[in-house]
Amino acid sequence: MKRLGLNIDHIATLRNARGEFHPDPFYAANFAHKQGVDSITIHLREDRRHIKDLDAKKICSIKNLLVNLEISIKDEIVKNALKIKPNFICIVPENRKEVTTEGGLNLHRNKNKIKSIIKLFKEKNIRTSLFVNPSLKDILISKNLGANCVEIHTGRFSNLIKSKKKVENELFRIKQCSKLAEKIGLEVHAGHGLDYQSTKILSKIDEIKEFNIGHFIIGESIFHGLNKVIKNFKKILR
């Protein structure tokens with residue numbers, strides 16, 4: 001069965017709006033785990049706008065919970081990640097002014113740095129993924145850099161769905177990249193902007209093994225409850 005990773009960054013966003021302690025991302029991670037999510041994703045941003053270092057340490061200490069830590073390639077963040085020791089790392093691009101991640105990594109510009117970071121995490125037996133655009137060239141580069149997995153940026157596809165525009169070309173790109181990645185030994189994940197409809201379509205791509213979803217699940221849970229929304233996505237992925 002395809003895996004569901006829940007990104008709980010926006011639980012921390014809500015907490016930070018009051019500068020207090022509620023809602024607690026640690027509690028959210030525990031709760032979601034009990035509801036059947038396969039992993040928890042958290043993004044330790046350079047500006048700490050949502051998840052803080054202590055959140056990451058506490059969440060990574062939860063027994064039997066798989067944690068996927070998203071990080072940039074900045075030295076300070078990489079050092080912190082090595083101390084936190086998550087199960088998985090996903091290297092993502094990061095722009096201080098962006099509201100959310102705007103696209104995949106520029107692999108060509110940052111080749112050497114990314115390769116050395118992957119090597120560091122591999123030495124610690126931490127599965128490392130690269131967040132990439134649906135580009136065949138980026139898939140091949142990811143393999144050459146030593147990544148274990150690629151997470152395909154589904155933002156454009158998701159936005160086309162929401163705007164009721166034609167998605168055939170973008171869907172074809174995602175399918176082709178997924179097939180190539182699996183063929184050359186990279187595990188395929190998908191994430192960004194996903195909701196029920198876009199996830200249902202992409203779940204039909206056999207090569208995609210893991211879906212990482214955050215904003216929609218947290219937003220929808222305001223109306224329907226986190227446990228119900230998680231169950232709805234698990235049903236789609238069966």
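The values are calculated or read from the model by the stated rules, or taken from the named source; none is laboratory data. Please read all numbers here as calculations on a predicted model, not as lab measurements. No Cβ is skipped: glycine too gets one built from the backbone with ideal geometry, and neighbour counts run over all protein chains shown. When the accessible area is computed, the model is the full protein with side chains, heavy atoms only, and any ligands, DNA or RNA have been set aside. Shrake-Rupley method; radii C 1.70, N 1.55, O 1.52, S 1.80 Å.
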Note down all Cβ pairs under 8 Å where the first residue falls in region 24-51 and is in contact (Cβ under 8 Å) with a residue 60 or more places away in the chain, the second is surrounded by 20 or more Cβ atoms within 10 Å (Cβ to Cβ) and in a loop (DSSP other than H, G, I, E, B), and they're at least six residues apart or on different chains.
-> Ala28/Ile8; Ala32/Ile8; Thr41/Ile8; Thr41/Gly214
Check Ile218 against each of (1) in contact (Cβ under 8 Å) with a residue 60 or more places away in the chain; (2) within 19 Å of Ile161 (Cα to Cα); (3) open to solvent by 10 Å² or more (accessible area, probe 1.4 Å) and name the one condition it does not meet.
-> (2)
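Residues are listed down the side, and each one gets a yes or a no for (1) among the polar types (S, T, N, Q); (2) open to solvent by 50 Å² or more (accessible area, probe 1.4 Å); (3) within 25 Å of Ala28 (Cα to Cα):
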| site | (1), (2), (3) |
| --- | --- |
| Ser142 | yes, no, no |
| Ser158 | yes, no, no |
| Asn169 | yes, yes, no |
| Gly193 | no, no, yes |
| Glu210 | no, no, yes |
| Asn227 | yes, yes, yes |
| Leu237 | no, no, yes |
Conditions (1) within 26 Å of Arg49 (Cβ to Cβ); (2) touching a residue at least 24 places away in the same chain (Cβ under 8 Å): number failed by Gly146 = (1)
Residue tally, condition buried (at least 18 other Cβ atoms within 10 Å of the Cβ) and in a loop (DSSP other than H, G, I, E, B), over region 107-134 = 4
Identity of the residue in region 192-205, part of a helix (DSSP H, G or I) and touching a residue at least 40 places away in the same chain (Cβ under 8 Å), that ends up nearest to Asn159 (Cα to Cα) = Ser198
Residues of region 54-81 being hydrophobic (A, V, I, L, M, F, W, C) and within 18 Å of the chain's Cα centre (by Cα), in sequence order, are Ala56, Ile59, Cys60, Leu65, Leu66, Val67, Leu69, Ile71, Ile73, Ile77, Val78, Ala81
Report the residue count in region 139-165 for those that are within 17 Å of the chain's Cα centre (by Cα), farther than 20 Å from His215 by Cα and assigned to a helix (DSSP H, G or I).
-> 2
Residues located in region 86-122, provided they are modelled with pLDDT under 90 and touching a Lys or Arg at 6+ places or on another chain (Cβ under 7 Å) | Glu94
Looking at region 171-191, which of the residues that are in a helix (DSSP H, G or I), of a type outside the set (Asp, Glu) and free of Cβ contacts under 8 Å to residues at least 40 places away in the same chain is most open to solvent (accessible area, probe 1.4 Å)?
-> Lys183
Within region 1-95, strands (runs of 3 or more DSSP E) holding 1 or more residues that are surrounded by fewer than 20 Cβ atoms within 10 Å (Cβ to Cβ) | 3-7
When you look at Asp38, is it under 20 Å from Glu220 (Cβ atoms) and out of contact with any His (no Cβ under 7 Å at 6 or more places or on another chain), yes or no?
-> yes
